[in-house]
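Participant: My structure is below; once you've seen it, I'll send some questions.
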Amino acid sequence: MTCLLFIFYQDMRYRAVSWFAFPLLLVLLIYISAGSTSVEALLMDRVFNLSFLLLQLGILTVYFSVKQQKIVNITRGLLGWGDILFLLCLAFYLSPANYVVFYVGSLIVALLISLLSLVKSETTMNKVPLAGLQALLFAGLALADWNSALFNLTSDNWYLNFITL
């Protein structure tokens, strides 16, 4: 939790996050999720999540390359390395359905927060603190997960339990 709040604070304050936060977060998330299911299932979940992330990054690269009519490196001014590294860390913790839902949901929330702050401050923001906002959202979800039996972020089976309630 401390690592997530550190990422949130740094991204909100400096629009950048110290590099050491991501390997630390990755190790902690792998450690926490290690006993949740079989090694084979964890490996398949990681492969799916990483493939999904690579697909998204590839689509963004193609989109902006076509739009600008040249090959574009999306990490230069469009998407920060901290944002990518944070999503990479989550790929090693969340189950596939939870990863996709969190990815889409957190992007929508970050967009809405950014639009609200843009309207409120009447200035143009040149950088959205995406990793920071996602870290805060994930911290809330992780707290709910660790303190409740209603859902499990490392398994997609909780959806079935939730539907049958």
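Participant: Compute the signed sum of charges (Lys and Arg +1, Asp and Glu -1) over the other residues within less than 15 Å, Cβ to Cβ, of Arg46.
Facilitator: Net charge in that neighbourhood comes out at -3.
Participant: While we're looking at this one, here's another question. For the chain, what is the mean residue ellipticity at 222 nm derived from helices alone (per DSSP H run of n ≥ 4: -39500 (n - 2.57); sum divided by total residues; nearest 500 deg cm²/dmol)?
Facilitator: -23500 deg cm²/dmol
Participant: Here's something else I'd like to know. Longest segment of the chain with no trypsin sites (Lys or Arg not before Pro) in a DSSP loop having at most 10 other Cβ atoms within 10 Å?
Facilitator: 77-165
Participant: Return the aspartates and glutamates within reach of Lys127: Cα separation strictly under 19 angstrom, same-chain partners fewer than 8 residues apart disregarded; answer none if there are no such residues.
Facilitator: Counting by Cα, and skipping residues close in sequence, Lys127 has these aspartates and glutamates nearby: Asp11, Asp83.
Participant: OK, next. Looking only at the range 69-99, which residues have a backbone nitrogen under 13 Å from a spot 7 Å from the Cα of Tyr14 in the C-beta direction?
Facilitator: Answer for this model: 82.
Participant: Semi-axes of the range 49-162's equivalent ellipsoid from the Cα gyration tensor, sqrt of 5 times each eigenvalue, largest first, rounded to whole Å?
Facilitator: Whole-Å semi-axes of the equivalent ellipsoid: 28, 19, 11.
Participant: To continue, here is another question. Please list the radius of gyration and Dmax for the range 71-117, considering alpha-carbon atoms only, with Å as the unit.
Facilitator: 12.4, 33
Participant: Work out which helices of the chain, taken as complete DSSP H runs, extend at least 20 Å along their axis over the Cα atoms and score a mean Kyte-Doolittle of -1.0 or more, then list them.
Facilitator: 39-68, 96-121, 130-146
Participant: Here's another thing I want to ask about it. Reachable aspartates and glutamates from Lys67, Cα under 17 Å, same-chain residues fewer than 8 places away excluded?
Facilitator: Reachable aspartates and glutamates: none.
Participant: Label 7 Å along Cα→Cβ of Phe48; the range 126-155 residues with amide nitrogen under 18 Å?
Facilitator: Label zone hits: 151-155.
Participant: Let me ask something else about it. Report the local net charge at Cys89: Lys and Arg +1, Asp and Glu -1, summed over other residues whose C-beta lies under 12 Å from its C-beta.
Facilitator: Residues close to Cys89 contribute a combined charge of 0.
Participant: Suppose each label sits 7 Å from its Cα in the direction of the beta carbon; what would the Leu78-Ala41 distance come out to in nanometres?
Facilitator: Result: 3.7 nm between the two label points.
Participant: Over the chain, with a Gaussian network built from C-alpha contacts below 10 Å, which listed residue (Leu29, Leu42, Leu115) shows the highest mean-square fluctuation?
Facilitator: Most flexible of the set in this elastic network: Leu115.
Taken together, the values in this text are just the output of simple stated rules run on the coordinates, not laboratory data. Not measured: the values here are computed from a predicted model. FYI the Cβ positions are ideal-geometry reconstructions off the backbone, even for glycines, and counts take in every protein chain you see.
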